[in-house]
Amino acid sequence: MNWKDIAGAGKSISKVDSLDLKEATRDGLEAVLVMKAASGRPQEMALIAQTLEKVNTQADLKQIATDLGAMVQAMKAKEAPKADEDTVTMTKAQFEDLKAQLSK
């Protein structure tokens with residue numbers, strides 16, 4: 001992209017009130033913005049940043065709620081430790097007594 005194209009695109013974007021994009025599209029634009037910054041193309045990065053300022057993200061709230069519910073269930077499942085039938089719990093003194101009995 002040459003500087004005239006970037007300047008023209010910047011003027012066009014500045015006239016836009018808002019852009020309706022899906023969340024995945026916005027995420028893609030953000031990834032491209034980072035790539036442009038990393039590759040040393042600040043004019044193109046600034047153009048994408050200017051575009052992102054105009055974006056109204058359309059999120060699927062039902063899907064987000066479902067995903068959040070699944071995440072909470074997974075976290076609750078990890079919180080409750082399950083009893084292991086092969087595990088024996090004893091104090092250090094009980095262990096030393098058992099060890100002494102077995103070594104006789």
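The values are calculated or read from the model by the stated rules, or taken from the named source; none is laboratory data. Computed from a predicted model, the values in this text were never measured in an experiment. Glycine gets a Cβ as well: all are built from the backbone with ideal geometry, and neighbour counts include every protein chain shown.
Could you list, in sequence order, the residues of the stretch 36-61 that are more than 16 Å from A24 (Cβ to Cβ), in a helix (DSSP H, G or I) and not hydrophobic (A, V, I, L, M, F, W, C)?
K36, P42, Q43, E44, Q50, E53
Which condition number in (1) part of a loop (DSSP other than H, G, I, E, B); (2) among the acidic types (D, E); (3) at pLDDT 85 or above is the one that E30 fails?
If we test E30 against (1) part of a loop (DSSP other than H, G, I, E, B); (2) among the acidic types (D, E); (3) at pLDDT 85 or above, just (1) comes out false.
Report every pair of residues separated by at least 6 positions or lying on different chains whose Cβ atoms are under 6 Å apart, first residue within the stretch 19-43 and under 12 Å from V55 (Cα atoms), second polar (S, T, N, Q).
Cβ pairs passing all conditions: D20/N56; D20/Q58; K22/Q58; E23/T57; R26/T57.
How many of the residues in the stretch 36-61 are of a type outside the set (D, E) and within 18 Å of the chain's Cα centre (by Cα)?
Here the count works out to 4.
Consider only pairs whose beta carbons are under 7 Å apart and that are at least six residues apart or on different chains; among these, list those whose first residue lies in the stretch 62-76 and is at pLDDT below 80 and whose second residue is in a helix (DSSP H, G or I) and surrounded by 10 or more Cβ atoms within 10 Å (Cβ to Cβ).
Cβ pairs passing all conditions: none.
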